[in-house]
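Here is the structure we will look at.
Only the coordinates and a few stated rules stand behind these numbers; no lab work does. All figures in this text were calculated on a predicted structure; none of them were measured in a lab. Don't worry about glycine lacking a Cβ; one is built from the backbone with ideal geometry, like all the others, and counts go over all protein chains shown.
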Amino acid sequence: MAETLSNLGTQKVEATEKTNVPGQMTDILAFSPIDSILLILSNRGGGIPFRFDLRDSNNDPLPQDTELEIVYNAPHFQRPQTVSETLGNISTYNRLSIKEQQNEDYIEQTRISLNGNRLEVRDIDTASVAINSSEQIDWSNSRAYVDKDNVTTRQEA
């Protein structure tokens, strides 16, 4: 079943908003499926369209040079693993509103490519959005969405 993920989570996937440590690659949003659910993020169309409006406590967009990547952590890992390309900046997300990012004309600019065809996240694992920014994110001003066409969940056997 396809569903849109956001920083608010869903009935099947818990989302945890986190505050980054400036100057370090730090998780800001972690997704963990609920008991016995498998979360699958697919690289359909050459990547996963994300929609971001990332802001600091002054309600200013995070700096253009903020780096962003998707990471995966499982209990047997010593540290989370980067599973996507690393964006060198977030200028596209700062330049376009969430509504514009949803527009088909801009969808290619919002895709983040996974290193493989898909990422399967079990209920004991976590997939996260991580950033390296000189400013801290303020989730009271920020929003994040993952396109539903690239997200499926299913009951694990």
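Using unit Cβ charges (K, R positive; D, E negative) and no other charged atoms, how large, in debye to the nearest 20, is the dipole of the range 19-68 about its Cα centre?
For this selection, approximately 260 debye.
Can you give the helix-only mean residue ellipticity at 222 nm for the chain, where every DSSP H stretch with n ≥ 4 adds -39500 (n - 2.57) and the sum goes over all residues, rounded to the nearest 500 deg cm²/dmol? Mind dumping the intermediate values first?
Working: 2 runs with 10 residues, N = 157.
Taken over the chain, the calculation gives -1000 deg cm²/dmol.
Note down the magnitude of the dipole of the chain about its Cα centre, charges +1 on Lys and Arg C-beta and -1 on Asp and Glu C-beta and zero elsewhere, to the nearest 20 debye.
260
Apply the a/c threshold of 1.5 to the C-alpha gyration tensor of the range 1-126 and tell me whether it is rounded, prolate or oblate.
Prolate shape, in that a/c is at least 1.5 and a/b is the bigger ratio.
Each residue of the range 68-75 in turn: what ³J(HN,Hα) in whole Hz from Karplus with 6.51, -1.76, 1.60 and θ = phi - 60°, glycine and Pro shown as x?
9, 8, 9, 10, 10, 10, 10, x
For the range 1-130, what does the relative contact order come out to in percent, with C-alpha contacts under 8 Å and a separation of six or more? Could the numbers behind the result be given before it?
Working: 239 pairs, mean separation 43.6, N = 130.
Reported as a whole number, the value is 34 percent.
So what are the ³J(HN,Hα) numbers for the range 100-116, from phi and the Karplus equation (6.51, -1.76, 1.60; θ = phi - 60°), rounded to whole Hz, Gly and Pro as x?
Working through the residues one at a time gives 5, 5, 7, 5, 4, 5, 10, 4, 5, 6, 9, 7, 10, 7, 6, 6, x Hz.
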